[in-house]
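Taking it in order: structure first as structure tokens, then the write-up.
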């Protein structure tokens with residue numbers, strides 16, 4: 001989830017020509033933390049940031065998250081390093097990445113940092129080595145795609161599952177067809193379990209208009 005809890009978070013994700021999001025108040029962060037940690041029972045929260053608010057505001061927001069969350073809840077900052085515009089613009093300069101990595105290490109989590117990307121095999125740019133230097137052995141690939149190798153410097157990952165749950169699936173019967181949804185998910189899990197790195201799974205369901213084609217259409 002976005003650390004900013006922002007309603008508008010396109011800036012730094014789809015491009016640079018979007019307004020900055022408004023940072024949440026301490027009470028808003030506290031309400032969100034109570035919902036996630038107490039009611040939903042979360043023991044780890046991935047908090048995404050991609051320059052949708054200025055760094056000075058981001059530092060305040062992440063500090064608030066650490067202050068209001070129980071010590072038993074691990075907070076993992078998750079940075080987007082490249083935008084999803086045509087140029088795949090870097091989100092952070094090397095200097096910004098170094099500054100954020102130091103802040104996160106000293107204030108939020110000294111062991112783990114995540115890099116969030118839902119496109120497979122992208123070059124993460126010059127900021128990635130900076131993060132790897134600050135978090136040796138502690139970088140998590142958030143948004144790993146099916147069939148994408150978990151490459152250094154990442155040591156663990158959270159893999160996306162939306163295409164197995166959603167692609168061309170309108171009914172439970174569709175999802176149960178051989179070579180399709182459920183079987184695809186089982187094969188992905190088996191493949192990751194056979195590897196040496198621990199991989200966790202998200203449960204994301206995405207809906208779109210299927211009218212273009214009978215199966216798999218966007």
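The values are calculated or read from the model by the stated rules, or taken from the named source; none is laboratory data. Being a predicted model, the structure only gives us computed values, none of them experimental. Cβ sites come from the backbone with ideal geometry, for glycine too, and all protein chains shown count toward neighbours.
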Count of residues meeting criterion [touching a helix residue (DSSP H, G or I) at 6+ places or on another chain (Cβ under 6 Å) and outside any helix (DSSP H, G or I)] in the range 166-194
2
Whichever residue in the range 76-93 is touching a helix residue (DSSP H, G or I) at 6+ places or on another chain (Cβ under 6 Å) and free of Cβ contacts under 8 Å to residues at least 60 places away in the same chain and, among such residues, is nearest to residue 144 (Cα to Cα)
81
Can you confirm whether residue 189 is in contact (Cβ under 8 Å) with a residue 24 or more places away in the chain and either in contact with a strand residue (DSSP E or B) (Cβ under 9 Å, 6 or more places away or on another chain) or exposed (fewer than 14 other Cβ atoms within 10 Å of the Cβ) (or both)?
no
Which condition from (1) surrounded by 13 or more Cβ atoms within 10 Å (Cβ to Cβ); (2) in contact with a strand residue (DSSP E or B) (Cβ under 7 Å, 6 or more places away or on another chain); (3) not in a helix (DSSP H, G or I) is the one that residue 22 breaks?
(2)
Answer yes or no: is there a residue in the range 109-117 that is under 17 Å from residue 52 (Cβ atoms) and modelled with pLDDT under 95.
no
What are the residues in the range 1-16 that are free of Cβ contacts under 8 Å to residues at least 40 places away in the same chain and either under 14 Å from the mean Cα position of the chain (by Cα) or buried (at least 18 other Cβ atoms within 10 Å of the Cβ) (or both), if any?
5
If you go through 194, 184, the only one that is free of Cβ contacts under 8 Å to residues at least 60 places away in the same chain and loosely packed, with under 14 Cβ neighbours inside 10 Å is 194
In this structure, is residue 163 surrounded by 14 or more Cβ atoms within 10 Å (Cβ to Cβ), at pLDDT below 90 and not in a strand (DSSP E or B)?
yes
